[in-house]
Amino acid sequence: MTISPNEAGAMLADVEAIVARVKRSRIYRQSSAILMLWGAIVVAGNLSCLAAPRWSGVGWLAADALGAAATFAMLRRRSSPGARFPSRFLGAFALFFVFGFVWSELLGRFGLRELDAFWPTLFLFGYALAGLWFGAAFAALGLGLSALIVAGYFWSGDWFNLWLAVVNGGGFVLCGLWMRRA
Amino acid sequence: MSAPDETIHQPVRLRIMAALTALSASDEGLDFAHLKTLTGATDGNLGAHIDHLAKAGYVEVSKAFVARRPRTTVKASPSGRAAFGRHVAFLREIIARA
């Protein structure tokens, strides 16, 4: 059997492309349940803001804590035996949260509507960044939903929380469903 | 210079082995539908190539029912991983010698 250098190069490129697809697909499939979980949390959180606006701050804190704990548990369950503690995930989440808290509560003095727009777009910025390393779908999710949230901020009137529940929560669930089959 | 692996050399089988060895050895493997998407092969074609690789001892095939549907999972065996590694090394050697 004779193989030319060009044929060998083409075969190796094929191998590398398949390996990259498998790794990306693995990341998407492992992320899908987490995205759907956060989609459900976003839907529930925004609908509860509509129903009981006075409790929105406490409600979101509880929902975020629950979501972070559930995400952490899912990451632990899927990691191979002896794998390292997912401290990077916890660190990234804490950094985003502290950054958001400093700007929204201490420096920015945001109103309720601004807070409702700021927090999801802050974390969606993280998804957009993750897309640079882990697959374009994360970037599309981060940028696409951020654009829709900004649009809702300006044009959804009194129905901004409903807009967020449908667009942001629904977007996460749909993206999670797509990633499950990627 | 080492020799090519005649079993793995075929393009679809090369893709199958590349996909399966991209996973860690402790991973459960890839299901048939996912492999079909990754390799771009038809059902019959993919099945025939998986059989060929299984006969060579390069992959392990397991069948189970998940949610009442049959599910075929394919996983690279240790000898398959080694053979794929040798074949890739052989291809790199060709390029290095050019």
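A few notes on this one:
- Residues in the stretch A:67-84 include at least one that is within 14 Å of another protein chain (Cβ to nearest Cβ) and touching a residue at least 40 places away in the same chain (Cβ under 8 Å).
- For B:LEU14: the one exception among (1) away from every other protein chain (no Cβ under 11 Å); (2) surrounded by 21 or more Cβ atoms within 10 Å (Cβ to Cβ); (3) in contact with an Asp or Glu (Cβ under 8 Å, 6 or more places away or on another chain); (4) part of a helix (DSSP H, G or I): (1)
- Residue in the stretch A:85-104 that is without any contact (Cβ under 8 Å) to a residue 12 or more places away in the chain and outside any helix (DSSP H, G or I) present: yes
- B:GLY57 under 14 Å from the mean Cα position of the chain (by Cα) and assigned to a helix (DSSP H, G or I): no
- Residue check for B:ILE50: surrounded by 16 or more Cβ atoms within 10 Å (Cβ to Cβ), more than 12 Å from chain A (Cβ to nearest Cβ) and under 30 Å from A:SER4 (Cβ atoms): yes
- Every listed requirement among (1) closer than 29 Å to A:SER4 by Cβ; (2) surrounded by 13 or more Cβ atoms within 10 Å (Cβ to Cβ); (3) within 13 Å of chain A (Cβ to nearest Cβ) is met by B:LEU23 save one, (1).
- First in the stretch A:156-178 and surrounded by 14 or more Cβ atoms within 10 Å (Cβ to Cβ), second anywhere and not hydrophobic (A, V, I, L, M, F, W, C) and not in a helix (DSSP H, G or I), Cβ under 6 Å, 6 or more apart: A:TRP163/A:SER156
- Residue within the stretch B:3-22 that is over 10 Å from the mean Cα position of the chain (by Cα) and farther than 30 Å from B:ARG97 by Cα present: no
- Considering residues of the stretch B:71-94 that are part of a helix (DSSP H, G or I), surrounded by 13 or more Cβ atoms within 10 Å (Cβ to Cβ) and aliphatic (A, V, I, L, M) only, the residue farthest from the other protein chains (Cβ to nearest Cβ): B:ALA82
Throughout, read-outs are computed from the coordinates displayed, never taken from laboratory work. Just so it is clear, the structure is predicted and the values come from calculations on it, not from any experiment. Quick reminder, even Gly has a Cβ in these numbers, built from the backbone with ideal geometry, and neighbours come from all protein chains shown.
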